[in-house]
Amino acid sequence: MARRVFFSYHFQRDVWRANQVRNSWVTHPDREAAGFFDAAEQEEAKRQTKKAIENWIDGQLGHTSVTAVLIGEETAERQYVQYEVEQSIKRGNALLGIRIDSLKNRYGNRGTRGENPLDHYYVDTESGEVKLSSIFPTYRWKEDYGKQNMSEWVEEAVESRSAIPAEKRDTLKHNPDKKSLATQLIEGGVVVGGAILLARGVKEVGDALRQNQFR
């Protein structure tokens, strides 16, 4: 099935790394990429109003089915990455996290691992409120062999989006300071020989693990 993917990333810091992912994706005729512009367009964008930039993002998101969030050192903090994640959920796109910090920039330097933006968002599902990172997968481009596997990652993301019913999309909340269930469990318990002993019970630990909240 042909897929058109929108790429969300921190332009100033990660464009060189992001291009490596984008260029790998579009080498096949049934794949298209959106959300990219060149340096001249980026300079022009800096002179635009916030609304104009958001309109550009909305236009680029059109006719895409997946938003790939390329995660570098400061991606989670970027205003327009946050907007792109929020609009993607609103329009029903699947999300896919890809860590790109191990890729080199134009000067040959690798990046530093940053926070996953999908850890900062919570949405209601039929099973209750969960983080986006508990619904959608996140991979490492280099270590998880993105060149060979990205098509599978995209399809996995598409399958995962059914966890958010259309009527629940507007429940999305951005809360980077909220502690995950896993963190609360760990802080409320004692780790002994690799086992977590908690007053809140083993069942909640299992639920957290199944939701990939220790990932």
Next item on the list: Looking only at region 122-138, decide whether some residue is buried (at least 19 other Cβ atoms within 10 Å of the Cβ) and closer than 15 Å to Asp14 by Cβ.
Entry: no
Margin query: Testing Lys142 on (1) assigned to a loop (DSSP other than H, G, I, E, B); (2) out of contact with any Ser or Thr (no Cβ under 7 Å at 6 or more places or on another chain), one condition comes back false. Which one is that?
Written below: (2)
Check: Does region 41-57 contain any residue that is closer than 18 Å to Glu156 by Cα and small (Gly, Ala, Ser)?
Finding: no
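Can you tell me which residue is surrounded by the fewest Cβ atoms within 10 Å (Cβ to Cβ) among those in region 42-78 that are of a type in the set (A, V, I, L, M) and part of a helix (DSSP H, G or I)?
Step one: filter region 42-78 for residues of a type in the set (A, V, I, L, M), giving 45, 52-53, 57, 61, 66, 68-71, 76.
Now restrict to residues that are part of a helix (DSSP H, G or I): 45, 52-53, 57, 61, 76.
Details: Ala45: 14, Ala52: 11, Ile53: 15, Ile57: 18, Leu61: 20, Ala76: 20.
Per the stated criteria, the residue is Ala52.
Would you mind stating whether Val123 is within 17 Å of the chain's Cα centre (by Cα), touching a residue at least 40 places away in the same chain (Cβ under 8 Å) and more than 24 Å from Glu77 (Cβ to Cβ)?
On the way: within 17 Å of the chain's Cα centre (by Cα): yes; touching a residue at least 40 places away in the same chain (Cβ under 8 Å): yes; more than 24 Å from Glu77 (Cβ to Cβ): no.
No: the conditions fail for Val123.
Can you find even one residue in region 76-83 that is in the same structural domain as Val15 (by TED's automatic domain parsing), touching a strand residue (DSSP E or B) at 6+ places or on another chain (Cβ under 7 Å) and farther than 20 Å from Glu32 by Cβ?
Quick first cut of region 76-83, residues in the same structural domain as Val15 (by TED's automatic domain parsing) only: 76-83.
Right, trim to touching a strand residue (DSSP E or B) at 6+ places or on another chain (Cβ under 7 Å) and you get 81-82.
Narrowing the set further to residues that are farther than 20 Å from Glu32 by Cβ leaves 81-82.
Scanning region 76-83 turns up at least one residue that is in the same structural domain as Val15 (by TED's automatic domain parsing), touching a strand residue (DSSP E or B) at 6+ places or on another chain (Cβ under 7 Å) and farther than 20 Å from Glu32 by Cβ.
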Notebook entry, point to check: Restricting attention to region 62-75, does a residue exist that is within 26 Å of Ser162 (Cβ to Cβ), modelled with pLDDT under 95 and not aromatic (Phe, Trp, Tyr)?
Noted result: yes
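From the list Arg215, Arg169, Arg113, pick out the single residue that is assigned to a loop (DSSP other than H, G, I, E, B), modelled with pLDDT of 95 or more and surrounded by fewer than 18 Cβ atoms within 10 Å (Cβ to Cβ). Spell out how you get there, then give the answer.
On the way: Arg215 fails: modelled with pLDDT of 95 or more; Arg169 fails: assigned to a loop (DSSP other than H, G, I, E, B).
Among Arg215, Arg169, Arg113, only Arg113 is assigned to a loop (DSSP other than H, G, I, E, B), modelled with pLDDT of 95 or more and surrounded by fewer than 18 Cβ atoms within 10 Å (Cβ to Cβ).
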Next item on the list: Among residues belonging to region 1-35 that are surrounded by 18 or more Cβ atoms within 10 Å (Cβ to Cβ) and in a loop (DSSP other than H, G, I, E, B), point out the one that is modelled with the lowest pLDDT.
Entry: Gly35
Checklist line | Inter-residue pairs, beta-carbon under 9 Å, first under 11 Å from Gly92 (Cα atoms) and in region 164-177, second of a type in the set (Lys, Arg) and assigned to a helix (DSSP H, G or I), 6+ apart | finding: Arg169/Lys90; Arg169/Arg91; Asp170/Lys90
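Out of all the residues in region 88-104, is one or more assigned to a loop (DSSP other than H, G, I, E, B), of a type in the set (D, E, K, R) and surrounded by fewer than 19 Cβ atoms within 10 Å (Cβ to Cβ)? Steps first, answer last, please.
Residues of region 88-104 assigned to a loop (DSSP other than H, G, I, E, B): 92-93, 100-103.
Cutting the leftovers down to of a type in the set (D, E, K, R) gives us 101.
The next check asks that each one be surrounded by fewer than 19 Cβ atoms within 10 Å (Cβ to Cβ); those that pass are none.
Checked region 88-104: no residue is assigned to a loop (DSSP other than H, G, I, E, B), of a type in the set (D, E, K, R) and surrounded by fewer than 19 Cβ atoms within 10 Å (Cβ to Cβ).
The values are calculated or read from the model by the stated rules, or taken from the named source; none is laboratory data. The shown structure was predicted, so the numbers you read here are calculated from the model rather than taken from an experiment. As a convention, Cβ positions derive from the backbone with ideal geometry for all residues, glycine included, and neighbour counts pool all protein chains shown.
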